[in-house]
Structure formats: C-alpha cells, structure tokens
Amino acid sequence: MVINPFALIAGWLLDFVFGDPSRLPHPIVWFGKMIAAGERSLNSGKARKAKGAIMAVGLIVMVFALAWMIRAILGIFALLFFDGTNQTVYKIPLLLYLFDAVVVFYCLAGTTLIREVRAVFAALDRSLEEGRAQVARIVGRDTSALSAQEVRTAALETLAENLSDGVIAPLFWLALLGTPGMLAYKMVNTLDSMIGYKTERYKDFGCWAAHIDDIANYIPARLTALLMVVGNGGCIMRNLRFVWQNGRNHASPNSGYPEAALASILDCRFGGPHYYFGELFDKPYIGDNDRPLTTEDMKKAVSVNRTAEAMMMGIVIVVEWFVWNVE
C-alpha cells in the first residue's frame, strides 16, 4: 500500500516545522475518546480480558479499514475525474496526496516530543516544582516526589522511548502497510498508553492491548536503538554491546532498547523503581554510571533523536520511491 514519496516528505516537513497541531482536531484525541468510552462500558464484571481483547482488536481493525476505504474512495475519485492516460496526474491524485501527507503529519511526534523535553529542562532551571509539573505532561509515573536528577532522567528516558513510539515505529508501519497501517499503529500505541498497565484496574482489561503493542514495537524498538547508535558514531560496537546487554533490563520487552542506546551514548544510568498510579514498580537499572545529568546531555540526546529520525526517513523514502516507480 504505497504512498507518493512527496506526500511522505511533505507530512514529515510539516511535523518538523510545526509539531502537533494543538489547535486542530487530532485523530489521537479521537482515539483516546473511543478507548475511554469503551473502557467505561466494558471494564467491569466478568470476562474483562475477553472484553478488552474484543475492544482492542476491534478498534485497531476499524481504524485500518476506515483509512483504507478513504484512500480507495479518493483513488476512485481520481479515476473518475482525471484522464487515466496521463500517468503523472493518475499517479498523484491531489486529494489522495493531501490525505497521506496529513496522516503522516498527525502520526509523527518528533518535534513535539523534543519541545516537551526542552521545556522540562527549562522549567527545572526555574524550580523543582515547575520541573515536576512539566515532566508530568510526558510520563506516566508519579512525579510529585521526584528529585531534580530523577526529573531529568525521566525526560531523557521518555525522549528515547518515544523516538521509537512516536517516529520510528509509525514510519516502519507506513513502509509496510501505508498510511492505514500508520494510523492503526497509532491506535495500538494509544491503547497501550491508556490501558496497558499491570495495575488492578487494567491488568486484565488491558492485557491484549499491552501484548499487541509489544508485538507492533518489537522490530521498531530495536531498529531505533541501532539508528541511534550508528547515527551517533563514536564507539559503535561498544555501544551496541551495551544495548544488547542492557536492553532487556526493563519491564517492557521493547522500551529498554532505545533507552539503553541513549544511556550508552551519554554514559549514564536510566531505570530503577518508580511509582505508577500509587503503586511501586521495581524496574531494573540500565547502565551503572549514576552521574548528574545536564542540559548539555539533553542537547546531545535531541541531536541523536534528530539524526535517527532523518536516517529512518531516508530509508522509508528510498523504499517508497522504489515501490512507487515499480508500480
């Protein structure tokens, strides 16, 4: 399900310049409302795991099918209103081009994430309370008792983890399944972020959502770590060994790999116990060097993210261009 490479580039440039369009309707907000409504209706009584599975799979399939139908309708529109002998016009129907570009724009979150992490460090420079409040916008853990070091650590862990969730994985699924696959992945990720927790409330109902997210992110998380290490240069083999040894030191089967990549690049320590929804989760540490983190570390991490994002974009553009011209 190939898209025009120029639509991909246009969507990526829109995200690079503007970030998430906070004043415009956002599909992720709609996804969240659907999940919240389903959770309120279904997460009670017996068979919670089965009901959670039906909701998760149903929403993912629905999003994929709806996006596929929209693209099909726009393709039919192009056939009806344009001369099929004009290959240039036929291959780039304007409405389909715009749909794909807008989907890419909405599904990528690289710029917004970087802005949020920069805002955490800036807020922390003003006061610890402001730093805690700012980092609470981008992490799920309780932040009310975090130290300054823990605030910085949380922000950089999130920067690494969400490079995979917010950039590399959406582009990976775009390359495989087009913009319908990209949107379906965002539903997978939103489900996990809302109900994929091992708390009393969600451990059964969100079980399938969490496992589907684990599967969807298995390759992208490891690809993210590889791109981070290779893009940074330096001691590539040493850093890759570090990722291999420490990537599994995480409650998630995937999140530890990009975090380990950034920990190896910055020579620092991530992980450790954190509170989520009032419950303590004893996560293992990633790395041993528990040194103070600084604004310079944040700047280097941002550079690593941008380089990995550019490398992934280059890969996907080449793939889409090749398939586009073959078709």
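The values are calculated or read from the model by the stated rules, or taken from the named source; none is laboratory data. Not measured: the values here are computed from a predicted model. All Cβ positions, even for glycine, are placed from backbone atoms using ideal geometry, and neighbour counts span all protein chains on display. Remember, those area values only see protein heavy atoms, side chains included, never the ligands or the DNA or RNA. Shrake-Rupley method; radii C 1.70, N 1.55, O 1.52, S 1.80 Å.
Summary of computed values
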| read-out | value |
| --- | --- |
| Matching residues in segment 127-158 - criterion: being assigned to a helix (DSSP H, G or I) and basic (Lys, Arg) | Arg132, Arg152 |
| Residue that is modelled with the highest pLDDT, among those in segment 73-113 that are open to solvent by 80 Å² or more (accessible area, probe 1.4 Å) and of a type in the set (Ser, Thr, Tyr) | Thr85 |
| Residues being open to solvent by 60 Å² or more (accessible area, probe 1.4 Å) and of a type in the set (Val, Ile, Thr) - total across segment 295-318 | 2 |
| Positions within segment 114-129 being of a type outside the set (Lys, Arg), open to solvent by 20 Å² or more (accessible area, probe 1.4 Å) and under 29 Å from Trp30 (Cα atoms), in sequence order | Glu116, Ala119 |
| Lone unmet requirement of (1) without any contact (Cβ under 8 Å) to a residue 60 or more places away in the chain; (2) part of a helix (DSSP H, G or I); (3) not aromatic (Phe, Trp, Tyr) for Arg291 | (2) |
| Among (1) outside any helix (DSSP H, G or I); (2) under 28 Å from Tyr197 (Cβ atoms); (3) in contact with a helix residue (DSSP H, G or I) (Cβ under 6 Å, 6 or more places away or on another chain), the one test that Val2 misses | (2) |
| Test result for Thr190, farther than 22 Å from Phe31 by Cα and in a helix (DSSP H, G or I) | no |
| Every pair of residues 6+ apart whose Cβ atoms lie under 6 Å, when the first sits in segment 228-242 and is in contact (Cβ under 8 Å) with a residue 12 or more places away in the chain while the second is part of a helix (DSSP H, G or I) and open to solvent by 60 Å² or more (accessible area, probe 1.4 Å) | Gly231/Met311 |
| Flag if Ser144 is hydroxyl-bearing (Ser, Thr, Tyr), over 18 Å from Ala123 (Cβ atoms) and open to solvent by 50 Å² or more (accessible area, probe 1.4 Å) | no |
| Where Met182 falls short, out of the listed (1) in contact with a helix residue (DSSP H, G or I) (Cβ under 8 Å, 6 or more places away or on another chain); (2) open to solvent by 10 Å² or more (accessible area, probe 1.4 Å) | (2) |
| Unique match (being over 21 Å from Ser303 (Cβ atoms) and of a type in the set (Gly, Ala, Ser)) among Ala221, Ala225, Ala210 | Ala210 |
| Considering residues of segment 6-62 that are among the charged types (D, E, K, R) and part of a helix (DSSP H, G or I) only, the residue least open to solvent (accessible area, probe 1.4 Å) | Asp15 |
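The rows are residues; the columns are (1) open to solvent by less than 40 Å² (accessible area, probe 1.4 Å); (2) part of a helix (DSSP H, G or I); (3) farther than 16 Å from Glu157 by Cα.
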site: Tyr218; (1), (2), (3): no, yes, yes
site: Gly231; (1), (2), (3): yes, yes, yes
site: Met237; (1), (2), (3): no, yes, yes
site: Trp244; (1), (2), (3): no, yes, yes
site: Arg248; (1), (2), (3): no, no, no
site: Pro253; (1), (2), (3): no, no, no
site: Tyr257; (1), (2), (3): yes, yes, no
site: Ala261; (1), (2), (3): yes, yes, no
site: Ile265; (1), (2), (3): yes, yes, no
